[in-house]
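The values are calculated or read from the model by the stated rules, or taken from the named source; none is laboratory data. None of these values were measured; they are calculated from a predicted model. Backbone-built Cβ (ideal geometry, glycine too); neighbour counts: all protein chains shown. These accessible areas exclude ligands, DNA and RNA; they are computed on the full protein's heavy atoms, side chains included. Shrake-Rupley method; radii C 1.70, N 1.55, O 1.52, S 1.80 Å.
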Amino acid sequence: MGIFTTPLPPITDQVLYHTKPKSELAVEGYCMYKKFETVVKLEINERARGADDEQQRFRGLQIRARDGNSTFEDWNLLLSRQPHNVTDITNFQNTAVRLSFGNEKVAKDNYEKLKQLQETVVQINAHHSNPRAKSLSSEEMGGLEPIIYLSKKARVMLTRNLWTEAGLCNGTMGTIKDIIFSESHKATMLPIAIIVQFDDDYLGPSFCKDTPNCVPIFPVTSSSNALGNNFERVQFPLKLAWSMTIHKSQGLTLKKCWIDLGSTEKIAGLTYVALSRVCKLSDTVIEPLTFERLHALKKTSNYKYRLLEESRLEQLAQHTLQNKRKNVTFFMHLLQ
């Protein structure tokens, strides 16, 4: 069975293929998107591969959750990963990335973890070319936050690509080893660099002789004309990563995660994205949820647009495959 992994739309915004764009920019995006006519249909769930019964059930659960067709067996399987049912819950409490929908809950979770470290917390205010730029979100400023709170030992995540060949990509996670200030540092100044020991995803050299995977991260600059003028923000491309939104987890493969799906499917596809961040169901803890919650997908406003778009993509995928076969046949004929 093929899966079209269409991304989640921006929070409070429409999907790119929505037939009634709300702004001039959305109209431009819609028209550009419609220009793509070559579609490749991916049929293998690489993240959850495996022939054993557990993996087959996990893949089936994900597919049904994606379409809002979860069964009672699926629900009971998820309930088996509730906190009180997980034997190694302490391990998850210490190492799992928490996933939830809202920024408020993510901020609260990260703040509690930061306090538990009992390290000096540094407030890092971005530098802006104009005071009005402070109001722009990180999404509008290339992933750069207006304010970040960090400390030694804090878990952080890169928010932009720095060196993709070595694994320093948007979403790469690590732990802060040190924050370097100049001798004449003042409260309004940015630190010189933040030394991060990245996880095993990093393949490059280490800045620290006796500690692997250490990289100095420096401030970077992003610009935006969202307010009608070209404003700039200078900030470290980092954010706390004990907890993140399900939106931010898109594309990541997590070793362990603690999932809170909330009471509703606020955006079509939220459940599937959250449940597909790990390789095995045993890598998750699932907050309690009702059976009705698993079927809430079909009540979302964007669901009907997704069905229409997937039907169109299916036709384009078949057309792409037919053209590829024709080209292969043609070249084989030339070689004979």
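Quick notes on this structure:
- Accessible carbon and sulfur surface of the chain relative to its total accessible area, %, 1.4 Å: 54
- Using a Förster distance of 25 Å, the FRET efficiency for GLN250-GLU287 (Cβ separation, nearest 0.05): 0.80
- Taking Cα atoms only, the orientation of helix 24-34 departs from the longest principal axis of the chain by about 50 degrees.
- Relative contact order (percent, whole number), the range 123-234, Cα cutoff 8 Å, 6+ residue spacing: 26
- Distant-in-sequence amide contacts of SER206, defined by a placed amide H-H separation under 5 Å and a gap of 5 or more residues or a different chain, comprise ASN213.
- Taking the Cα centre of the chain as reference, the dipole from Cβ charges on Lys and Arg (+1) and Asp and Glu (-1) amounts to some 480 debye.
- Mean projected area of the Cα convex hull of the chain, taken over all directions, amounts to 22.4 nm².
- Largest GNM mean-square fluctuation among ASN91, ASN125, ASN69, using the chain with Cα springs under 10 Å: ASN91.
- The length gained on full extension between GLU46 and LYS115, counted as 0.36 nm times the residue separation minus their Cα-Cα distance, comes to 21.1 nm.
- Å² of accessible area per residue within the range 261-336, as computed with a 1.4 Å probe and no ligands counted: 57
- Scanning the chain for GluC sites (Glu not before Pro) in DSSP loops with at most 12 neighbouring Cβ atoms within 10 Å leaves 184-336 as the longest stretch between them.
- Stretchable slack from GLN82 to ALA166, in nm (0.36 nm times residue separation minus alpha-carbon distance): 26.6 nm
- The mean sequence separation of alpha-carbon pairs under 8 Å and at least six residues apart, normalised by the residue count of the chain, gives a relative contact order of 23 percent.
- For the chain, Cys with no neighbouring Cys Cβ under 4.7 Å: CYS31, CYS169, CYS257, CYS279
- Computed 3J(HN,Hα) for the range 181-190, one whole-Hz value per residue from the Karplus formula 6.51 cos²θ - 1.76 cosθ + 1.60 where θ = phi - 60°, is 10, 6, 4, 9, 4, 10, 4, 7, 8, 6, glycine and proline marked x.
- In sequence order, calculated HN-Hα J values of the range 44-59 (Karplus, 6.51, -1.76, 1.60; Hz; x Gly/Pro): 10, 7, 5, 5, 10, 5, x, 9, 6, 4, 4, 5, 5, 5, 5, 5
- Taking amide H as placed 1.01 Å from N in the peptide plane, PHE236 has its amide H under 5 Å from the amide H of VAL220, each at least 5 places away in sequence or on another chain.
- With Cα atoms, 0 to 90° folded angle of helix 303-335 axis to the chain main axis: 70
- Spin-label model, CYS31/ASP199: points 7 Å from Cα along the beta carbon direction are separated by 4.2 nm.
- For the pair LEU321 and LYS105, the difference between a 0.36 nm per residue extended length and the Cα-Cα distance amounts to 73.3 nm.
- FRET E, pair ASN229, ILE192, Förster distance 35 Å, beta-carbon r, rounded to 0.05: 0.75
- Nonlocal amide H pairs with TRP258, under 5 Å, H built at 1.01 Å: VAL97, ARG98, LEU99, VAL285
- The distance between label points at ILE89 and HIS333 comes to 6.7 nm (points 7 Å beyond Cα on the Cα→Cβ vector).
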